[in-house]
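The next block holds one structure in the form of structure tokens; read it before the comments.
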Amino acid sequence: MIARISGTGSALPAKTVSNADLAMTVDTSDEWITSRTGISERHIAVDGEYTSTFAVEAARRALSMAGISPEDLDLIILGTVTPDFPFPSTACIVQSELGAHKAVAFDVSAACSGFIYALSIADSFIRSGQFKKVLLIGAEVLSRVVNWKDRNTCILFGDGAGAAVLEASRDQHGLVSTHIFSNGSCWDLLYQPGSGSRNPAANPATDPASYFIHMEGNEVFKHAVRAMEEAAQAALDANGITSSDLTLFIPHQANRRIIDAIAKRLDLDSGRVFVNLHRYGNTSSASIPIALDEANRQGRLKSGDLLLLDAFGGGFTYGSALIRW
Ligand code: ACO
């Protein structure tokens, strides 16, 4: 059995915040942000919108494309670092809102690699025969854990969700392989210090500033380039192919310079590298499924195409997924 992607979907908040908007609140400029990151604007949730809001919308669109109803789902896996609540999982909230009564539902915490980790888990379940119809979601409302006074981080992130429906199939189209990795020795280069059991929200001694993302940007940059190259190369080597065999490379959308550096290392021309981060910023686990959905709806994915998805995130976590469309 192979896991075939039968539907994709995405959902973004309606509100957008441009670089010029940010320059009115922190000491930055459109020129600095565009040249250092490639980001022009990001979508930001408003009051009453949560991670599950976008997750459910993206899921409905993916299910509609796949032509299956929520009651048919066996499994829902949702990647996020900004769940609606510490518990229950946001996947359980999505299961309830969709009416996917028979689906097992859980979240995966792998930061920006969340969707690739979810793909890998789903692939194993489908190959083993345990589950046949799986909904995968990457969803974030990072704007709620970003310090909007910190110009080093607030320019980078955005909110949104992407989803994909995977179905067990006997043909040769679907997930060819996944490779996932973790490097916990670098956990403190990119993390949210507050609100967990070390610095509980209810403890008056906890510094409210610790609720925001802490990031060593330069270090993260270097690790991201090396790790994403390693993950991509693992997929190519395991399948006996080279980057020239790829139709489209869909990397995690964190920074244009990271994407360009990896593309150069993999010898991929820009026409085969999907980039949409100028409109969304870094949406963490949502970035790859949003990009996949856009590429799909733009008609850029043809039957038989070979796609390589590649991610890196806090943990550190990283991984790749090779897909025969
Ligand atoms: N506007 C203007 N100046 C700024 C801004 C800003 N928004 N942010 C930082 N600066 C200043 C710094 O204060 C510094 O000033 P100084 O020289 O007077 O001290 C100067 O610009 C250079 O700062 P650097 O940190 O060296 O800038 P760099 O070119 O490394 O870019 C950036 C910073 C964009 C954060 C980069 O390191 C990066 O993208 N790192 C990866 C981080 C990332 O993508 N994290 C997401 C999670 S992980 C992932 O998804 C892959």
Checklist outcome for this item: If you go through P200, P193, P208, P204, the only one that is exposed (fewer than 15 other Cβ atoms within 10 Å of the Cβ), within 25 Å of G79 (Cβ to Cβ) and more than 14 Å from the ligand (Cβ to nearest atom) is P200
Checklist outcome for this item: In segment 280-305, anything within 16 Å of the ligand (Cβ to nearest atom), assigned to a helix (DSSP H, G or I) and on the phi < 0 side of the Ramachandran plot is listed as Y280, S285, A286, S287, I288, P289, I290, A291
Item to check | Residue within segment 152-173 that is within 12 Å of the ligand (Cβ to nearest atom) and over 20 Å from the mean Cα position of the chain (by Cα) present | outcome: yes
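Where a number appears in this text, it was derived from the coordinates with a stated rule and is not lab data. The shown structure was predicted, so the numbers you read here are calculated from the model rather than taken from an experiment. Neighbour counts are summed over all protein chains in view; Cβ atoms, including those assigned to glycine, are modelled from backbone coordinates with ideal geometry.
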